[in-house]
Structure formats: C-alpha cells, structure tokens
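Enquirer: So that we are looking at the same thing, I have put the structure below in structure tokens.
Quick note: the coordinates plus some simple rules give every number you see, no bench work behind them. Since the structure is predicted, the reported quantities are computational estimates derived from the model, not experimental observations. Heads up, the Cβs are rebuilt from the backbone with ideal geometry, glycines too, and the neighbour counts pull from every protein chain shown.
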Amino acid sequence: MEQVATRAKKDIELIEEVNRLRKEKNAVILAHYYQEAVIQELADFVGDSLGLSQQAATTEADIILFAGVHFMAETAKIINPSKKVILPDVNAGCSLADSCPPDEFKKFIDAHPDHMVITYINCSAEIKAMSDIICTSSNAVKIVESLPKDQPLICAPDKNLGKYIMKQTGRDMLLWDGTCMVHEAFSIDKILKLHKEHPDAQFIAHPESDPNILNVASYVGSTTGLINHVKNNPANKFIVATEAGILHEMRKEVPHKTIIPAPAEENNSCACSECGFMKMNTLEKLYLCLKNESPEIHVAEHIREKALIPINRMLELSK
Ligand code: 13P
Ligand code: SF4
C-alpha cells in the first residue's frame, strides 16, 4: 500500500515536471493509443498512425516528443526536418518494420519494375524512400482504390493488411511476407470460445490480425476506427482484437459499455496482447527524454527527401 502511494507521488511529481518542461521548451507530446494510460493522459494529442502523422505535419512546436515507436518518430522527423524529434526509448522498434530489411526489399521491388509500391507506415525510412505511396490502416483501402485499376501493385510489409485490402478492393497485389507479432498472437479458438460465452458481444479487430480472425469480425479498422465503432455502435459489449493500450481510451469514451480484450494464444498476465516495444516508453523515460532532449531521431537527408514524397502523397489523399 505504502509502495503504491510512493509511486503515485512520484508520478505526480514527474507529470508536474513534464508540464513545466513542455511549456518552457515549446514541446508537443504526441502519443499512440497503445501507450500506457498515464502517457495517453499526459499527451497533447493521442491518435492512430494517420492522426499522429497529420498532427506532426501541422504542429508549431519546436520539439516533438513522440510517445510511440521508432517508425512513428522517424515519420515525424521526415515531415519536420527543422524540428527536434525525440523518443523516450530509442529501442522502441516494431516487429513489422523489422520484417522488411531494406536490401531484401530492394531486390523484391527491382524484380517487379512495373509494380507501384504501396507501403504501410509501419516501416523504416529506407523502405519509405523506396515506396510510391504510404498508407495506414485507416486509409489503406481508400488509397488502393484511388490507384488506376490496371496498375500492378506491391503491398508491404504487412501481409495480413495486404490480404484485407485485396478482399475489400477485389484487387490482386504482390505481398511482402511480414506480420506484427502482437496481432499474429491472437487465438481464433479462444476468441470463438469467448464469443460463445458472451453471445451479446460484437467482435471487432485491427486489420493487422490474421485473415481467419478478420473473417469472423463484425468490424475491422484502425485504432481510431475501433474506438469510434465502440462509441457509435448501439451494442453494449465488445471483444476487441488489438493491442491492450486501446482499452484505456475505449473505457474512457464509453464507461457504461463492457470492453473485453481478445485472448492471445499464449497465456500472459493481462490475458490480453501487449506490444513490448510500445510499452518500453514509461513516464520516467518520457520525463528524462524531455529534460535531456534525447534520444533524438535523425534521418539522413538523401533518404528523408525520398521518403517524404510518398508520405506527402498519403497526407494529400487523406484530407
Ligand atoms: P493504427 O493506430 O494506425 O491503427 O496502427 C496500429 C499499429 O500497429 C501501430 O503500431
Ligand atoms: Fe509494431 Fe505490432 Fe507493436 Fe504496432 S503493435 S508497433 S505493428 S509490433
């Protein structure tokens, strides 16, 4: 009990310091929905990957503190070369981004020179620099639909999102064989069993999940899409297949509704799925990052210039 009180006191002190520093340094804190609740509460803006990129593109702050993973902070830096972009833990990576090494991807696209390359934002700056257009889970279908029907397409790095886009648009695409370890971990058997126990619940999922999971979902969408669905749909109970950080915003938005995290294959302490990379950021690391203005994100200018083109195409199409 005493330990909890000490922790709470320390958190309050850290929050006060962060508030003082962000004003003093004209910093903005952008956080993804998968961050710890305390970080989401502290952020100036919480959103999905598209919303965060749009915020990064319009902010007037001098420093962008990105409470998310490396590719997100890197995207903010590509958009804002003159601003300082900092990330609480520089090791906060992404299994999906890691599944697409630039040298192998180059060979893949060189083997299909007539294909246009549509790339999910969850990838490195080098991969973005080799792409024609970037997408996120909230605009992927719209972006593919905007491309000429006879244009052959490569879609990378998430094969699950790629298959979902193919199903929604009826278009064929060459897919890179990458996945997100968090969304891959959901168990269809456990989800179906849980749904039987809660027949009044709606099952909803993020498109990074396996097709056998998406096939049984009543709604598929980005983190923002899932939150809006829970808010706007008349159902009172939802089983949600995405990273557990989203539960904080959902329960805040609809405290009268029951939100149940979808079970993963392996049993873990929270009976849900957490992204170890997202959870590397802590309140203490966030405070130290703002205080020391480090770790800072850098992108080589020749890569940044190329990576900006497909990001801007996406931002333009998402207005
Ligand atoms: P969105 O928030 O864009 O749905 O992306 C989810 C994700 O996996 C971020 O890493
Ligand atoms: Fe990457 Fe998956 Fe974590 Fe998102 S949830 S950051 S896609 S590993």
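Enquirer: Let me check I've understood the local charge: for His248, count other residues with C-beta under 13 angstrom from its C-beta, Lys and Arg +1, Asp and Glu -1. What total comes out?
Expert: Details: positive: Arg251, Lys252, Lys279; negative: Glu36, Glu41, Glu243, Glu249, Glu253, Glu274.
After counting each charged neighbour, the total is -3.
Enquirer: Now for a separate question. If I model a spin label at Lys319 and Lys167 as a point 7 Å from the Cα along the Cα→Cβ vector, what separation in nanometres do I get?
Expert: Label at Lys319, label at Lys167, 3.3 nm between them.
Enquirer: With a ≥ b ≥ c taken as the square roots of the eigenvalues of the C-alpha gyration tensor of the range 144-296, please select rounded if a/c is under 1.5 and otherwise prolate if a/b is larger than b/c or oblate if it is not? Write down the numbers at each step before the final one.
Expert: Working: a/c = 1.69, a/b = 1.10, b/c = 1.54.
Oblate shape, in that a/c is at least 1.5 and b/c is the bigger or equal ratio.
Enquirer: Report, ordered by chain and residue number, the lysines lying within cross-link reach of Lys107, taken as a straight Cα distance under 26 Å and ignoring same-chain residues fewer than 8 apart.
Expert: Lys128, Lys149, Lys159, Lys163, Lys306
Enquirer: Now for a different question. How much net charge surrounds Lys237 when only the other residues with a Cβ under 12 Å from the Cβ of Lys237 are counted, with Lys and Arg +1 and Asp and Glu -1?
Expert: Numbers: positive: Lys257; negative: Glu197, Asp200.
In short, -1.
Enquirer: Additional query: Determine the dipole magnitude for the chain: charges of +1 sit on the beta-carbon of Lys and Arg, -1 on that of Asp and Glu, nothing else is charged, the reference point is the Cα centre, and the result goes in debye to the nearest 20.
Expert: Numbers: 34 positive and 44 negative charges, 139 e Å.
So the dipole magnitude of the chain works out to roughly 660 debye.
Enquirer: With a/c under 1.5 counting as rounded, go ahead and sort the chain into rounded, prolate or oblate using the C-alpha gyration tensor (a ≥ b ≥ c being the square roots of the eigenvalues; past the cut-off, prolate if a/b is larger than b/c, else oblate). Don't jump to the answer; show the numbers that get you there.
Expert: Values: a/c = 1.86, a/b = 1.08, b/c = 1.73.
Taking the square roots of the gyration eigenvalues as a ≥ b ≥ c, the chain is oblate.
Enquirer: Follow-up question, since we're still on this one. 5 Å is the cut-off here: which amide hydrogens, built 1.01 Å from N in the peptide plane, fall below it relative to Phe186, excluding neighbours closer than 5 in sequence?
Expert: Sorted by chain and number, the residues that satisfy this are Glu265.
Enquirer: Return the sequence-ordered ³J(HN,Hα) values of the range 17-29 in whole Hz as given by the Karplus equation 6.51 cos²θ - 1.76 cosθ + 1.60 applied to θ = phi - 60°, using x for Gly and Pro.
Expert: Once θ is set to phi - 60°, the couplings for the range 17-29 become 5, 4, 4, 5, 5, 5, 5, 4, 9, 6, 10, 10, 10 Hz.
Enquirer: Based on DSSP, what percent of beta bridges with both residues in the chain are antiparallel, to the nearest 5? The partial results should precede the final answer.
Expert: On the way: 2 of 33 bridges.
Bridges in the chain are about 5 percent antiparallel.
Enquirer: Next up: Just from its helices, what would the mean residue ellipticity at 222 nm be for the chain, if runs of 4 or more DSSP H residues each count -39500 (n - 2.57) and the sum is divided by every residue, rounded to the nearest 500 deg cm²/dmol? Present the calculation step by step, with values, prior to reporting the outcome.
Expert: Details: 16 runs with 147 residues, N = 319.
Using -39500 (n - 2.57) per qualifying helix, the result is -13000 deg cm²/dmol.
Enquirer: Please give the FRET efficiency for Asp110 paired with Ser82, using the beta carbon to beta carbon distance and R0 = 41 Å, rounded to the nearest 0.05.
Expert: According to the calculation, E is roughly 0.75.
Enquirer: Quote to one decimal, in nm, the extra length available between Ala235 and Glu145 on full extension: 0.36 nm per residue of separation minus the C-alpha distance between them. Could the numbers behind the result be given before it?
Expert: Working: separation 90, 0.36 × 90 = 32.40 nm, distance 3.03 nm.
Fully extending the segment from Ala235 to Glu145 adds 29.4 nm.
Enquirer: Shifting gears a bit: Could you work out which residue, out of Gln54, Gln168, Gln35, moves most in a Gaussian network model of the chain, that is, has the largest mean-square fluctuation with Cα springs under 10 Å?
Expert: Gln168
Enquirer: May I ask you to compute the full-extension gain from Lys10 to Met181, defined as 0.36 nm times their residue separation minus their alpha-carbon distance, rounded to one decimal in nm? Don't skip to the answer; put the middle values down first.
Expert: Numbers: separation 171, 0.36 × 171 = 61.56 nm, distance 3.29 nm.
Contour length minus Cα-Cα distance gives 58.3 nm.
Enquirer: Can you check what the net charge comes to around Leu153, using other residues whose Cβ is under 11 Å from the Cβ of Leu153 (Lys, Arg +1; Asp, Glu -1)?
Expert: Working: positive: Lys149, Arg171; negative: Asp114, Asp132, Asp150, Asp172.
Counting the neighbours of Leu153, the net charge comes to -2.
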